[in-house]
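Structure record follows, encoded as structure tokens.
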Amino acid sequence: MYNLIDKHKRLIQVIVAIIFLPFAFFGVDSYFRASDAAVAVATVGDYRISQQEFNRALRERQETIRRITGGRADPALLDSAALRFDVIEALIRQRLLLNRAQRGGMAISDRQLQSVIRELPLFQRDGRFSFQLYEQFLRSEGMTPAMFEAKLRQDLILQHMDDAFGGSGFVPRTVTEWLARLSEQQREVSVYVFTLDKFMPQVKLEADAAKRYYDSHQDEFRIPEQVRVEYVALTVDALLPQIAIDPAEVRKFYDDNRAQFETKEERQASHILISVEPGAGAEAKQAARAKAEEIYRQLKQKPDRFAELAKQHSQDPGSATKGGDLGYFGRGATPKAFEDAVFQMKVGEISPPVESVDGFHIIRLMAVKAGQSRSFEQVRGQIETDLKRQRAARKFAEVAENFNNLVFEQAESLKPAAELARTSPQQSGWITRERADESRLNHPKLLQAIFSEDVIKNKRNTEVVEVAPGVLVAARMLEHKPAAVRPFDEVKAAIVKNLALQQAGQLAAQEGRERLEKLKRGQDAEVTWGSAQLVGRVDAKGLSEPVLKQAFRVDAAKLPAYTGVDDPRSGFTLIRVTRVVEPEKIPPERQKSLAEGLRQMLGQQEMLAYIESLKQKADVTISKELLEKK
């Protein structure tokens, strides 16, 4: 358990975001068969994936996509069938793995779970665990401690299995070295570009070319249906200025919750662990004890050798390489016998072997960090802000119902709702069915409501839509533009230019290929090459990606070697390779990084194959009708 945090730093970042482990998408058609799981979106053996569980997972995936795209995700993608099936597939794979882990006896103890939660950066203030931040997070996510801990426990088990496969891939050293040498190889390259502008004078378009293109490509010039709206947003933040907190209430909260503003004493210790397997017999225990006592005798004579002997003998992989250092920890983070010993020691003292559930520990106390208590003045502002936000959230729930009623009952105007929200209606730019530039309007459900018949034809308010936690929005139409095709005269010049560039590109490619054939035959192609550059796969020296790839793709067995790349946007590029420079020595870190990447890739392939085998053996069904409910 001592190396649990180090092993799962990557997982901790994932858990904070509350997203699911990524897996490659498999087909799901084979699951659409008769099922009596009337209230389940899918079943995996006896386990039912409920509509509620699926909806929660879908919302989390949608929020992740919005975060990654900066709120510019296509609303059609966020509510697409492909995304919904991808989410149910992820839930099925998770359940298959969790079932397998349960059958194999894999579990995360309460102590391990507590240790992970205490180390999550999201729950730390000034480098220490804050129960207040933990509670705030749970409230913001609408989760109880039991719900969060159950989710975290599952994620830790899944990560254990992922790590097991990720570290199992085997890559021969010769393969790694060969790939490393290829990746570090350099080539001397020079280029000559047949640019489009050189061929523009040769372009001759037919008189009606632009009109014929326009008539046959109407969809390119179609302007989608658009609207402009005014909208009102009710937010928790907007209610904060209306909240007043009595100073006496702030003081009372501090007095009633002093433990939240105190940090307990923490101690830094190092240890040498001689482990004992669970269920080991008396003989094995005695052997481990004897070894621990022998190390302790050596340390009594030479205490300064503690780190050296820890690296040599300790069987705790998380701390042995660090000389046994466990860092700082408080009470409740280690087994009781270990904790009792540590909190009775003096700095610099080395303990005799201490027996715990893990084996025998020789402990050295490195330092003590005394507990601290923050004064009322130090935390008064923080408490007042938190109390305001709590009260604003309660007020929001009360105001939201009235807000919704006003929007619905007075459907010809947003002013009453705006007055209730203590704000003014805002006006949008032009919006399409697919997207809006304003982030609060760029929500699939709200866009659907804006383009409904009731809003566009009857000019009524939209329904109230929750576009984010604590943010309600209603809108009404100001202007409407039906879908149309841009007039030919408006786009004629652009069409003529594009057709001319297209034809110039064809002429450039034709000329480039003819010159390339001459070069390959050893003839004079009348090419004035640019200056030669020594380039690498990760050091392009200004070459475009297609040109760089082609320069390393060409057979360099006979030099100079020639090739070319056709790019309709820039012309045709002739490429000459005159020298190949093999790396004298591969940096160890580069070779190690490459080997690790290959192992992870092979391990992931094994994981996917394993999941597929579990699917074949399990009774998995999907209710297509429930899954497609929106």
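Coordinate-derived values only; no laboratory data. These numbers come from a predicted model, not from an experiment. Don't worry about glycine lacking a Cβ; one is built from the backbone with ideal geometry, like all the others, and counts go over all protein chains shown.
Binning all Cα-Cα separations of the range 338-383 at 10 Å, short to long from zero, yields these whole-percent fractions: 23, 33, 16, 17, 11. The residues neighbouring residue 382, those whose beta-carbon lies less than 13 Å from its own, together hold a net charge of +1 under the Lys/Arg +1, Asp/Glu -1 convention. Highest average first, the peptides 303-314, 196-207, 498-509 ordered by how many other beta carbon atoms sit within 10 Å of their residues are 498-509, 303-314, 196-207. Cα convex hull, the range 265-370: 88 Å³ per residue, rounded to a whole number. The distance from the alpha carbon centre of the range 175-209 to that of the range 393-446 is 52 Å, rounded to a whole number.
Start at zero, step by 10 Å, and the Cα-Cα distances of the chain spread as 3, 10, 14, 17, 19, 18, 12, 6, 2, 0, 0 percent across the bins. As a ratio to 2.2 N^0.38 Å, the alpha-carbon radius of gyration for the range 494-604 is 1.41.
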